[in-house]
Amino acid sequence: MEITNSECLDEIRNYTVDFTKIGPNDDDQFIDELKIKLADHDGVVFKGVIAAPTDVVITKKVIGRGGYYFRLTTDKTGVYFIWHDRTLNKFILWGEEYNVKQAMGVLNYRIKIVTQREHDPSPSY
């Protein structure tokens, strides 16, 4: 789904309570860079949504401690931001279309791997 840069920034601002609920691994520089990317009010952002696992333990492991895997996925794929909406139990991603699709693939793969490990925790050699 396409939204404007301004709508994207507003959504992220609302989810994060004006950027105060972003993980401890995030810093002011990340937030400032995000605001600069979205400063062009005429720009367009692609928004992707995927279902989060229903198992809270799996969801936490997909996200990572302090949002570690969300941040890693953000950095590696170039998406602007990833968020877990606990009310809807959805992962929401914002960025350029290709990057969002790539990040959605990464998250889906991580969900699959974490789910498999949770259901069969025995190590394989």
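No lab work stands behind these numbers, since they all come straight from the coordinates. Please read these numbers as outputs of a predicted model, since none were measured by experiment. Here Cβ is always computed from backbone atoms with ideal geometry, including for glycine, and neighbour counts include all displayed protein chains.
Dipole orientation for the chain: of the candidates G64, L9, F81, G64 has the Cα lying most toward the positive pole (charges on Cβ; Lys, Arg +1; Asp, Glu -1). Here's how it looks for V44: its modeled amide H is under 5 Å from those of N5, which are all 5 or more places away or on a different chain.
Computed from phi, the 3J(HN,Hα) profile of region 60-68 under the Karplus parametrisation 6.51, -1.76, 1.60 (θ = phi - 60°) reads 4, 6, 5, 6, x, 4, x, x, 3 Hz, with x in place of Gly and Pro.
Here the gap between H119 and E2, fully extended at 0.36 nm per residue and compared with their Cα-Cα distance, gives a gain of 38.5 nm.
Between the Cα long axis of helix 5-15 and the first principal axis of the chain there is an angle of about 50°, rounded to the nearest 10.
Free of any trypsin sites (Lys or Arg not before Pro) that DSSP assigns to a loop and that have at most 13 other C-beta atoms within 10 Å, the longest stretch within the chain is 22-85. Over 13 Å apart: what share of the alpha carbon pairs of region 41-80 falls there, rounded to a whole percent? That fraction is 65 percent. Between R65 and N14, the contour length at 0.36 nm per residue exceeds the Cα-Cα span by 16.2 nm. Among Y98, Y80, Y69, which one shows the biggest mean-square fluctuation in a GNM of the chain, springs joining Cα atoms closer than 10 Å? Taking springs between Cα atoms under 10 Å, the residue moving most is Y98. Rounded to the nearest 20, the Cβ-based charge dipole of the chain about its Cα centre (Lys and Arg +1, Asp and Glu -1) stands at 700 debye. Between K76 and K35, the C-beta separation translates, for a Förster distance of 25 Å, into a calculated FRET efficiency of about 0.70. Given their separation in residues at 0.36 nm each and the Cα-Cα distance between them, N89 and K101 gain 2.4 nm when the chain is fully extended. Hydrodynamic analysis of the chain uses the Kirkwood radius over alpha carbon pairs. Inserted into Stokes-Einstein at 10 °C and 1.306 mPa s, it gives a translational diffusion coefficient of 105 µm²/s.
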